[in-house]
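Since the structure comes first, as structure tokens, the remarks are kept for the end.
The values are calculated or read from the model by the stated rules, or taken from the named source; none is laboratory data. As the structure is a prediction and not an experimental result, all values here were calculated from the model. Note that we place each Cβ from the backbone using ideal geometry, even for glycine, and neighbour counts take in every protein chain shown.
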């Protein structure tokens, strides 16, 4: 399914002026990544992350509802972030990215459903590779915040006794 959606996106882009390519960090001195790479990378990412979601669901059957909500929320977040970036709203885009740190204190944004939703939400604008890189960075930072806060809190409770 993901492969068909990615092929459709690339087909629309090809017919409407060509498949775009993006410089890393929007810097012309850095390498260019074509959206064609998404035809390979997005299905592989979806296969890997859906496998992780399935294993989590088997271990905890009640997690399925939460995973769908996480996927949907991250999909909307990624799509809005892309829309604001395309509209040139850099301050709103920056605010959204920075809000991920606060969100990571209260919600595990590093989970597979969040990463997959975020990447798919940004794919129309940026292709698949750049959102995958951004999602990896955000997920790593989110995991560090999520587990770091819990570790510090647990240590504080132990020291308080």
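Of the residues 33, 39, which is within 21 Å of residue 134 (Cα to Cα), at pLDDT 80 or above, in contact with a strand residue (DSSP E or B) (Cβ under 6 Å, 6 or more places away or on another chain) and surrounded by 13 or more Cβ atoms within 10 Å (Cβ to Cβ)?
Testing whether each residue is within 21 Å of residue 134 (Cα to Cα), at pLDDT 80 or above, in contact with a strand residue (DSSP E or B) (Cβ under 6 Å, 6 or more places away or on another chain) and surrounded by 13 or more Cβ atoms within 10 Å (Cβ to Cβ) leaves just 33.
Condition (residue is under 28 Å from residue 8 (Cβ atoms) and in contact with a strand residue (DSSP E or B) (Cβ under 7 Å, 6 or more places away or on another chain)) applied to segment 102-122: is it met by at least one residue?
No; the residues of segment 102-122 include none that is under 28 Å from residue 8 (Cβ atoms) and in contact with a strand residue (DSSP E or B) (Cβ under 7 Å, 6 or more places away or on another chain).
With the requirement that a residue be modelled with pLDDT of 80 or more and over 21 Å from residue 47 (Cβ atoms), what does segment 1-13 give you?
Within segment 1-13, 11, 12 meet the criteria.
Pairs, please: C-beta under 9 Å, at least 6 apart or cross-chain, first residue outside any loop (DSSP other than H, G, I, E, B) and in segment 1-26, second modelled with pLDDT under 75?
Partner pairs satisfying both residue conditions: 10/19; 13/19; 13/20.
Could you list, in sequence order, all residues of segment 66-112 that are farther than 21 Å from residue 143 by Cα and either in contact (Cβ under 8 Å) with a residue 24 or more places away in the chain or assigned to a helix (DSSP H, G or I) (or both)?
79, 80, 82, 83, 84, 85, 86, 90, 91, 92, 93
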